[in-house]
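Peer 1: One structure, pasted below without further comment.
Since every read-out is calculated from the coordinates, none of them should be taken as a lab result. Given the structure is predicted, the values throughout are model-derived calculations rather than measurements. Using ideal geometry, Cβ is built from the backbone for each residue, glycine included, and neighbour counts are taken over all protein chains shown.
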Amino acid sequence: MDQFLFFLVAFLAVSSAVYFVFAKNPLYAILSLIVTMFSIAGMYILLNAQFLAIIQIIVYAGAIMVLFLYILMMLNLNKADESKKGNTLKFIGVFTAGLLLVGVLGVFRGVQQNQIVVENVDRGVGLTKNLGRLLFNEYVLPFELASILILAGIVGAVLIGKKDL
């Protein structure tokens, strides 16, 4: 069942990513990229990494894609601008994808067909509880230093953006 779910989510991710590359309308392209981000989060859940899945949804599918949509609405792209683009970038993209396909096929050629049986698997590796325990016990100093650095960046951005303080 897990393998079927993986292939279903992987097919959804790859097909929406391909649609993103070949979409004519930029709005549909961004929406297909959001579907790709959600399906990657589904792969994280299948790998028992719930924290990474939630971060994937919040940061990428939530914040960054909303930013892309906002920029797209602010730019107000017209159909007249689309006709000016040449086919050179499409050719480069297809050539690069072909090179990637050759590399993936080379990797699959070298893979042995024997499956490794894993017996002693720790099922709590990707859980949020274990990640929190590590962050607040062993790595508390780097975690707090990173939060102070982020706070300094936010204060700096507010000071630069606000002209009358």
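Peer 1: Put a dot 7 Å past each Cα toward the Cβ at residue 150 and residue 104; how far apart are the dots in nm?
Peer 2: 3.3 nm
Peer 1: Ranking request for peptides 151-159, 47-55: highest mean number of other beta-carbon atoms within 10 Å first, then the rest in descending order.
Peer 2: 47-55, 151-159
Peer 1: Residue by residue through segment 51-60, which ³J(HN,Hα) values in whole Hz follow from phi under the Karplus form 6.51 cos²θ - 1.76 cosθ + 1.60 (θ = phi - 60°), with glycine and proline marked x?
Peer 2: Using θ = phi - 60°, the values come out as 4, 5, 5, 5, 5, 4, 5, 5, 7, 7 Hz.
Peer 1: Which whole-number percent gives the relative contact order of segment 1-77, counting Cα pairs below 8 Å spaced six or more residues apart?
Peer 2: Rounded, it is 28 percent for segment 1-77.
Peer 1: While we're on this one: May I ask you to compute the full-extension gain from residue 45 to residue 18, defined as 0.36 nm times their residue separation minus their alpha-carbon distance, rounded to one decimal in nm?
Peer 2: Between residue 45 and residue 18, full extension yields 7.5 nm more.
Peer 1: Now for a separate question. Does segment 1-77 come out rounded, prolate or oblate, given a ≥ b ≥ c as the square roots of the eigenvalues of its C-alpha gyration tensor, rounded meaning a/c under 1.5 and, failing that, prolate meaning a/b above b/c?
Peer 2: Oblate, because a/c is 1.5 or more while a/b does not exceed b/c.
Peer 1: ³J(HN,Hα) across segment 30-35 via Karplus (A = 6.51, B = -1.76, C = 1.60, θ = phi - 60°), whole Hz, x for Gly/Pro?
Peer 2: 5, 5, 5, 5, 5, 4
Peer 1: May I ask you to evaluate 6.51 cos²θ - 1.76 cosθ + 1.60, the Karplus curve with θ = phi - 60°, for each residue of segment 96-107 and list the ³J(HN,Hα) values in order in whole Hz, giving x for glycine and proline?
Peer 2: These are the phi-based 3J(HN,Hα) values: 5, 5, x, 4, 5, 5, 4, x, 5, 5, x, 5 Hz.
Peer 1: By how many nm would the segment from residue 129 to residue 73 grow when fully extended, if each residue of separation counts as 0.36 nm and the alpha-carbon distance is taken off?
Peer 2: 16.2 nm
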